[in-house]
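Structure first, then comments.
All of the numbers you see were taken from the coordinates with simple rules; none came from a lab. Please read these numbers as outputs of a predicted model, since none were measured by experiment. Cβ placement follows ideal geometry from the backbone for every residue including glycine, while neighbour counts extend to all protein chains displayed.
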Ligand code: HEM
């Protein structure tokens with residue numbers, strides 16, 4: 001970057017002085033969301049660090065992030081060619097690969113359409129408003145039964161271990177038209193041991209930037225490669241089965257709809273075939289991966305927060321009793337009458353900021369931000385954790401207080417406050433599963449809070465320190481739960 005001539009009128013980026021070969025790796029440390037937030041206080045909302053020999057621009061502050069991702073969206077819409085990304089979905093990931101803008105745009109549109117048709121489109125049956133509601137309602141009931149059974153057999157349970165299977169079943173239902181039991185070893189080995197994935201892909205992993213680290217023995221990296229291999233094999237087998245049983249007149253799920261798209265395209269002489277079949281059907285791999293890890297992390301945190309704040313848990317349960325009752329299950333349409341639950345979820349997203357950085361971005365051309373010059377192909381980290389804990393935006397940012405999102409009458413959400421929370425990115429690369437994510441977390445949580453009471457195992461204190469990664473997890477723990485009485 002230093003060698004690139006800075007155009008007249010623009011300034012060179014501020015930032016800490018790098019050490020030869022390793023750059024600022026030591027200052028970034030093992031909790032980049034905290035260290036880079038502290039650096040933003042010193043250097044401002046746009047600054048540069050160096051990881052190894054590679055410059056990385058770090059963006060903080062809501063206004064600056066909005067300026068970059070929305071107003072200058074095209075300039076910041078790329079993905080960097082990071083070492084670990086080549087292992088995800090065989091290097092053909094929609095979310096992580098360096099696809100050219102045209103290919104990425106076409107795939108993103110296909111993914112959005114597939115999600116709409118098989119998750120959120122209204123009127124799929126008379127009983128449920130959409131397929132997502134049907135899957136979550138059923139899996140929510142199974143989850144309550146499963147937790148009760150485990151409580152009876154063992155006296156405590158690990159929340160992530162069970163929630164992840166229920167959440168994986170929802171996305172498996174939509175993508176592959178199948179579900180798994182809570183003891184299915186093949187699914188468990190994929191979804192329950194995925195911590196290494198997030199640890200390697202999280203922003204600032206030194207091995208992504210410093211080539212010689214890749215040749216040192218590294219248990220996490222080996223586990224990461226193994227998980228990706230197993231993940232790809234799992235999806236490929238299901239895709240192969242779908243090709244064998246494919247029937248154009250009976251499109252069963254997202255995989256079928258993507259296969260159908262490839263078939264249609266072959267018949268259309270005018271179609272633009274720059275996107276390979278593999279890259280089209282491979283979209284399902286991204287949807288499955290993104291669809292279980294994010295939501296199960298959110299729900300597992302939610303249960304831990306319920307236990308850590310028992311008086312809030314009680315108020316949430318009372319809200320459900322009053323507005324839904326105990327004779328029927330909650331529905332997505334109950335959202336507007338459950339403002340405290342809505343506020344709890346917003347505060348959970350803000351306070352935990354369990355996706356502390358977006359997936360790294362990359363500039364697509366020479367550009368500038370706040371008067372600083374940023375060359376083409378610069379890796380850019382977006383610090384969502386900082387946006388959600390900025391003391392200039394939030395009163396007492398480290399306090400967990402769902403009420404901050406309620407209007408004065410406590411009957412509705414303050415939309416202006418709600419929009420300040422940043423967890424799904426924004427602009428061109430914004431998460432395509434946001435509606436699904438928000439609705440799924442709401443409905444699972446409504447079912448759990450209505451039917452169960454969660455509490456600590458006496459003598460075990462909760463450790464809520466997050467473990468850094470693409471998605472930050474709480475430490476594995478044991479909790480207790482009991483069924484709520486109907487009256
Ligand atoms: C991208 C958050 C659920 C699919 C992202 C990004 C974030 C995010 C922060 C990166 C944005 C950026 O790089 O600027 C979340 C959260 C979720 C969630 C917090 C749940 C609570 C889902 C679900 C799906 C999904 C359920 C699909 C079924 C994707 C995809 C991308 C993405 C495909 C890549 C988009 C692109 O690169 O163009 N998500 N996500 N996400 N998400 Fe989500």
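In summary, the convex hull built on the alpha carbon positions of the chain has an orientation-averaged projected area of 25.3 nm². Normalised Debye scattering of region 215-274 at q = 0.24 Å⁻¹ gives log10 I(q)/I(0) of -0.96, counting only Cα atoms as equal scatterers and leaving out solvent. Every helix of 4 or more DSSP H residues in the chain counts as -39500 (n - 2.57), and over all residues that averages to -14500 deg cm²/dmol at 222 nm.
On full extension of the chain, what length is gained from residue 241 through residue 475, given 0.36 nm per residue of separation minus the C-alpha to C-alpha distance?
Full-extension gain reported as 80.5 nm.
Modelled label positions at residue 321 and residue 266, each set 7 Å beyond Cα in the direction of Cβ, lie 6.1 nm from each other. Extending 7 Å from the Cα toward the beta-carbon at both residue 486 and residue 5 defines two label points whose distance is 8.0 nm.
Multiplying the residue separation of residue 215 and residue 370 by 0.36 nm and removing their Cα-Cα distance gives an extension gain of 51.9 nm. For region 193-329, the equivalent ellipsoid built from the Cα gyration tensor has semi-axes of 37, 30, 13 Å, listed from largest to smallest. Take the Kirkwood radius over Cα pairs of region 63-166, plug it into Stokes-Einstein at 20 °C and 1.002 mPa s, and you get 120 µm²/s for translational diffusion. Cα extents for region 420-487 along the principal axes, largest to smallest and rounded to whole angstrom: 46, 32, 19. Estimated at 0.36 nm per residue, the fully extended path between residue 83 and residue 21 surpasses their Cα-Cα distance by 20.6 nm.
With semi-axes defined as the square roots of five times the eigenvalues of the C-alpha gyration tensor, the equivalent ellipsoid of region 1-128 measures 36, 18, 17 Å, largest first. Using the average count of surrounding beta-carbon atoms within 10 Å as a protection proxy, the listed peptides 198-207, 106-115, 167-176, 434-443 rank, highest first, as 167-176, 198-207, 434-443, 106-115.
When each of the peptides 453-464, 154-165, 217-228 is scored by the mean number of other C-beta atoms lying within 10 Å of its residues, the order from highest to lowest reads 154-165, 217-228, 453-464. Under the simplified labelling scheme, the residue 249-residue 54 pair shows an inter-label distance of 5.2 nm, with each label point 7 Å from Cα along Cα→Cβ. Between residue 185 and residue 403, the FRET efficiency estimated from the beta carbon spacing at R0 = 60 angstrom works out to 0.85. Each peptide in 466-478, 339-351 receives the mean, over its residues, of other Cβ atoms within 10 Å, and ordering these scores from highest gives 339-351, 466-478.
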